[in-house]
Amino acid sequence: MAPEPQLAIGLLRDRNNSLRRNDAAQADENQENADSEEIIRMNAIYCRLGWLWNQSDCSKEVCVTDEGGCRTGVTFHPHWSNGTAGIRAAQPLLGEYNYWEIHVGNRVFGTSLMFGVSTRKARLHANEFKNMLGEDAQGWGLSHRGRVYHDGGSRYYCKPFQEYTVVVVGVLLDRRKGHLSFFKDGQNLGVAFTGLDKVEDDLYPTVCSTAAKTAMTVGRRQRSFLDLQDRCRHAVATSIANNISSKGTEKEAVDKLPLPSKMKCFILGLLTE
């Protein structure tokens with residue numbers, strides 16, 4: 001039996017309202033994605049960093065590449081794997097905007113390769129194969145299988161990464177809005193998490209893997225300036241880095257500056273991060 005005219009009109013009105021709400025939600029999501037891209041494209045993140053992986057804050061199944069003091073590369077389970085291993089950066093993320101990229105080798109397979117952020121309270125080793133980053137409230141992670149994890153829960157986020165294929169994973173933390181977004185080979189995957197502006201603990205770039213002999217290297221790292229002093233420090237450090245004859249001579253170059261010793265240490269800290 002056909003619905004009564006008034007009922008049919010009401011159902012049609014509800015359907016139209018639902019479509020409008022969905023369109024509005026999609027528009028908001030598209031705007032958030034555009035905002036993330038705008039931050040990077042318009043160079044809202046200026047300060048290039050050199051943070052390294054923390055050899056003292058990682059699983060025993062992580063081998064850090066330390067060539068010339070540059071701890072930028074890691075290999076998970078260098079022999080064989082019987083669990084999940086992770087590592088955090090040596091420095092916490094500062095400023096309103098932080099963006100970094102992780103270059104992953106072709107050993108993309110297994111239960112989970114994960115990328116994201118964590119506090120110092122998140123564990124970095126498990127004697128089981130699992131999605132460790134985001135297993136509790138201390139981590140926010142993306143798995144190569146396309147799901148995002150936080151506080152023990154997960155949801156679909158993107159298509160799974162192609163196995164045995166190199167990939168570059170970009171991570172953008174917007175502390176002003178509290179958003180964490182991911183990029184895959186330069187493509188914006190959208191906002192994965194919200195509410196990170198309310199997190200009081202320091203946050204650190206974090207990666208983990210269950211797969212044997214997985215290699216990851218951190219590439220581009222940058223953040224917004226903290227204040228005018230930070231901007232000036234970066235300008236001086238950049239000039240020194242562009243003019244020194246070889247890596248490892250930063251201290252010698254800084255020592256020649258006609259500045260107080262504390263200021264020299266302040267500048268050198270950026271060059272050796």
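Odds and ends about this structure:
- Rg to Rh, two decimals, where segment 208-256 supplies the alpha carbon set and Rh follows Kirkwood: 1.18
- Per residue, the solvent-accessible area of segment 69-133 (1.4 Å probe, heavy atoms of protein chains only, all protein chains present) comes to 37 Å².
- Heavy-atom accessible surface of Trp140, to the nearest 10 Å², is about 20 Å², with a 1.4 Å probe and all protein chains retained.
- Going by accessible surface with a 1.4 Å probe and the largest first, Cys47, Cys265 read Cys265, Cys47.
- Once the convex hull of all Cα atoms in segment 145-271 is built, its volume per residue stands at 175 Å³.
- For segment 198-212, backbone phi angles converted through the Karplus equation (6.51, -1.76, 1.60; θ = phi - 60°) give residue-by-residue couplings of 8, 6, 8, 6, 4, 10, 10, x, 9, 9, 8, 7, 9, 8, 5 Hz, Gly and Pro being listed as x.
- Reachable lysines, given that their alpha-carbon falls under 28 Å from the alpha-carbon of Lys262 and they are not under 8 places away in the same chain: Lys247, Lys251
- Sulfur and carbon atoms: percent of accessible area, segment 104-222 [1.4 Å]: 44 percent
- Compactness of segment 67-226 is given as radius of gyration and Dmax, 14.4, 43 Å, from Cα positions.
- For segment 107-122, putting each phi into the Karplus relation 6.51 cos²θ - 1.76 cosθ + 1.60 with θ = phi - 60° gives couplings of 8, 9, 6, x, 5, 6, 10, 10, 9, x, 9, 8, 8, 5, 7, 6 Hz, in residue order, rounded to whole numbers and with x for Gly and Pro.
- Among the trypsin sites (Lys or Arg not before Pro) within segment 208-244, those in coil by DSSP and having at most 15 neighbouring Cβ atoms inside 10 Å are Lys213.
- Separation of segment 80-120 and segment 218-273, taken as the distance between their Cα centroids, equals 26 angstrom.
- Each of Phe76, Phe129, Phe225 has its accessible area taken with a 1.4 Å probe; listed largest first, they run Phe129, Phe225, Phe76.
- Rounded to the nearest whole angstrom, the semi-axes of the ellipsoid equivalent to segment 80-170, taken from the Cα gyration tensor as √(5λ), stand at 20, 17, 14, largest first.
- Amide H contacts of Glu135: Gly152, each under 5 Å away and 5 or more positions distant or on a separate chain (H built 1.01 Å from N in the peptide plane; Pro and chain starts excluded).
- Shown in residue order for segment 75-85 are the 3J(HN,Hα) couplings computed by the Karplus curve 6.51 cos²θ - 1.76 cosθ + 1.60 at θ = phi - 60°: 10, 8, 6, x, 10, 8, 10, 9, x, 10, 10 Hz (x for Gly and Pro).
The values are calculated or read from the model by the stated rules, or taken from the named source; none is laboratory data. Just so it is clear, the model here is predicted, and its values are computed rather than measured. We place every Cβ from the backbone using ideal geometry, glycine too, and count neighbours over all the protein chains shown. We work out accessible area using only protein heavy atoms, side chains counted, and drop any ligands, DNA or RNA first. Shrake-Rupley method; radii C 1.70, N 1.55, O 1.52, S 1.80 Å.
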